[in-house]
1. By per-residue mean of other Cβ atoms within 10 Å, what is the highest-first order of 276-283, 112-119?
2. Go through the stretch 78-139 and name the trypsin sites (Lys or Arg not before Pro) that are in a DSSP coil and have 12 or fewer other Cβ atoms within 10 Å of their Cβ.
3. To make sure I understand, if each residue's beta carbon is the centre and we count other beta carbons within 10 Å, what order do I262, I309, I331 fall in, fewest to most?
4. Simple spin-label model, 7 Å along Cα-to-Cβ: L103 to R231 in nm?
5. Compute and list, largest first, the equivalent-ellipsoid semi-axes of the stretch 76-200 from the alpha carbon gyration tensor, each √(5λ) rounded to a whole angstrom.
6. Under the 0.36 nm per residue contour assumption, what length would be gained going from the current alpha-carbon distance of L126 and E274 to full extension?
7. So if R0 is 41 Å, what FRET efficiency would Q174 and I334 give, r being the distance between their Cβ atoms, rounded to the nearest 0.05?
8. How would the stretch 158-248 be classified by its alpha-carbon gyration tensor: rounded, prolate or oblate, with rounded meaning a/c under 1.5 and the a/b versus b/c comparison settling the rest?
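What follows is calculated from the coordinates using simple rules that are stated; it is not laboratory data. These numbers come from a predicted model, not from an experiment. Cβ placement follows ideal geometry from the backbone for every residue including glycine, while neighbour counts extend to all protein chains displayed.
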Amino acid sequence: MTLLLADMYDALRSTGLILLPLAGSVLLAYGVYNAVFDLRRDERKKILTRLKGSAAARKGKEETFSYEDFRKQTAEASGFLAKAFARLSFTASLQRALDQANLHWSAAQVLVNLTAIASILLALLLVLQVPPLASVGSAVAVFILPVLYFYKRRRARLKKLVNQLPDVFELLSQALRAGHSLASGMQLTARELPDPAGTEFGRVFHEQNLGLKVEDALKNLADRVDLLDVRFFVTAVLIQRQVGGDLAEVLDKISAVIRDRIKLFGTVQALTAEGRLSGYVLLALPTLVFLAMLNVNREYAMLLFTDPIGKMMLTASIVMQLMGWAMIKKIVNIKV
């Protein structure tokens, strides 16, 4: 045990003597690059000039600068790696998922942090002489699992928002019949309903309070949430504000349609529950049988890992299991 600890200490010390100077030189070069880049950057000067109004006076025309542009500029990534990640198409999808999950983070910065944590974990596991395959798998899991959590949280929040929409539209309809404006109705919705409906409609109210038109604020809501029911609502409001009509009655009809679709979706989920359960059972059953076989006759079960034909059979069975589960999921996934 003492010899093992001594060998681990020597390996860590030798690795540290190699990695620390390399990391220091990389960090020094990165710091010099950022310093030079900041000195050459003139965004701050442009913002100060815009606030003073001298740029608009020199150009002889008024510059248009919306609330969304300001919000996007404040959320821009900073740093070399963050800007490199920002150019990827996946980063835009992740940023939308973070916004829909109500996580006020920069997607590029999240990717930088996850990459750094995964790299540190990979280096630490390799120093501790963990098998390379297990080390790489652990690093990939550290990178992927948080991203999967973001998308799962986004899906749950959007599902909750869909279930809240009938109540939202009924509340807006009653507020309009009581003599309130659409903006005050959305303020009432933000005050009376919990997240996510209260948060999203409260954001619309605050945007129009900051000077954005109600139509533009509603379009931002439709783009941010990206739900068909919300787009129905936004389209109805835009048409009503252009040609007139009874918006309260339209909201009542949209609310009734959404309630009927939620009820139909629940019926479909109940009818397809047996098929979904069959898919999970068929996916888990071979794994449980293999684990039982390992306890009963280990040598017989290990032929799948040691014999070449066994490896081929194991690979084929895994692929066929995943294909069957995907087919069952596709069959029972009925769009409503």
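1. By packing density, highest mean first, the sequence is 112-119, 276-283.
2. For trypsin sites (Lys or Arg not before Pro) across the stretch 78-139 that sit outside H, G, I, E and B with at most 12 neighbouring Cβ atoms in 10 Å, the list reads R87.
3. Fewest-to-most ranking of I262, I309, I331: I309, I331, I262.
4. Here the modelled spin labels are 2.5 nm apart.
5. They are 43, 16, 9 Å, listed largest first.
6. Going from the current span to full extension adds 48.7 nm.
7. 0.75
8. Rounded, because the longest to shortest axis ratio a/c is under 1.5.
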